[in-house]
1. For a footprinting-style exposure proxy, rank 224, 277, 263 by other Cβ within 10 Å, fewest first.
2. Sort segment 244-382 into rounded, prolate or oblate with this rule: let a ≥ b ≥ c be the square roots of the eigenvalues of the Cα gyration tensor; rounded if a/c is under 1.5, and if a/c is not under 1.5, prolate when a/b is larger than b/c, oblate otherwise.
3. Which shape class, rounded, prolate or oblate, goes with segment 1-54 when its Cα gyration tensor gives a ≥ b ≥ c as root eigenvalues, a/c under 1.5 marks rounded, and past that a/b bigger than b/c marks prolate?
4. Residue 319 to residue 230: FRET efficiency via 1/(1 + (r/R0)^6), r the Cβ-Cβ distance, R0 51 Å, to the nearest 0.05?
5. What list of whole percents do you get for P(r) of the chain, with Cα-Cα distances grouped in 10 Å bins up to the one holding the largest distance?
6. So for the pair residue 294, residue 24, with labels modelled 7 Å out along Cα→Cβ, what separation do we get in nm?
7. So, R0 is 30 Å and r is the distance between the beta-carbons of residue 142 and residue 94; what FRET efficiency does that work out to, to 0.05?
8. If every alpha-carbon in segment 142-298 counts as one equal scatterer, what log10 I(q)/I(0) does Debye give at q = 0.14 1/Å?
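Where a number appears in this text, it was derived from the coordinates with a stated rule and is not lab data. Keep in mind that what you see is a predicted model, and the values were worked out from it rather than measured. Cβ sites come from the backbone with ideal geometry, for glycine too, and all protein chains shown count toward neighbours.
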Ligand SMILES: Cc1ncc(COP(=O)(O)O)c(C=O)c1O
């Protein structure tokens with residue numbers, strides 16, 4: 001798709017197959033959750049290797065339902081990294097629980113630091129929400145061990161990580177629940193949309209109810225004559241996905257591995273040509289090289305030399321037609337979350353101001369990659 005930048009941060013690839021899938025869903029005459037959602041869920045569950053996959057309106061809804069389904073509420077604490085998108089903190093807040101922020105490992109690994117968890121866990125910690133930053137898996141073994149010892153549930157925020165593997169197992173399937181996002185800048189773009197996966201039958205049932213008003217049957221069930229009425233067994237939401245987006249999602253799922261591989265190629269070129277040049281480093285460098293486990297490579301993040309004028313650099317890159325971003329301004333620095341309670345995040349604070357996210361999408365051309373690399377080297381790689 002055309003974009004106003006010579007090299008946009010992310011870019012959608014739209015073709016006949018996608019248009020046809022969406023068109024067929026529209027022409028079917030059934031637009032709310034129905035057979036296409038069902039088959040999208042089955043295909044996603046099979047792909048990630050989970051017993052259940054529930055399609056939802058977006059990744060934030062997946063996180064909200066996961067927290068509520070695990071019984072999170074007032075009096076509970078939920079731990080998550082501050083170097084993160086704000087969605088998880090917002091939904092923790094909306095359950096009535098308190099978000100508590102932990103630090104990251106360091107320059108080479110921007111995931112949550114399991115050692116720092118020891119500092120922030122308390123007897124009231126109910127859940128840890130672990131983000132696989134940029135699609136690079138967290139140290140799930142240590143995390144699950146610690147959480148298991150303390151009786152704390154783990155939700156994986158796998159918004160960046162569809163298709164990422166750790167010891168052969170897909171991200172999103174390690175914890176009690178895994179949450180995915182299909183926002184247009186993600187690896188599996190749908191528009192809005194998300195998926196919630198779990199291996200726990202009872203949890204899946206709670207998630208299903210929370211997704212659709214706590215109602216025991218769906219409009220689709222009643223339409224087919226499979227049910228005539230319903231009960232409401234808990235106060236839920238309308239967090240359903242619709243047929244058109246499920247049709248798009250099914251096509252995008254079929255393209256995910258190729259998309260991730262193409263992103264990997266681009267990230268490897270960034271690594272070869274930028275890492276270690278003039279004080280520039282690329283976090284997760286060891287996980288990017290050839291022969292590593294399959295990874296979503298959602299973000300191409302560059303760590304600038306200390307003291308670099310990041311915003312000046314971003315403005316100069318923009319002048320050359322290169323769109324960049326920052327993943328992320330730490331959540332605890334936002335007005336809504338600027339509570340001083342137990343916020344001791346030295347690594348997050350030291351690193352966050354040096355991070356810049358470079359353009360990355362599967363169909364990026366060598367010319368676009370070359371333009372970004374050349375520009376970064378001439379402006380910041382001296
Ligand atoms: C890490 C992370 N978590 C959650 C979300 C929320 O997903 P969505 O935008 O689909 O609600 C996003 C997406 O922007 C994200 O990047």
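1. Final ranking by Cβ density, sparse to dense: 224, 277, 263.
2. It comes out oblate by the Cα gyration axes.
3. oblate
4. 0.30
5. Going from the shortest bin to the longest, the percentages are 5, 24, 32, 25, 12, 2, 0, 0.
6. 2.3 nm
7. 0.55
8. Scattering profile of segment 142-298, log10 relative to I(0): -0.87.
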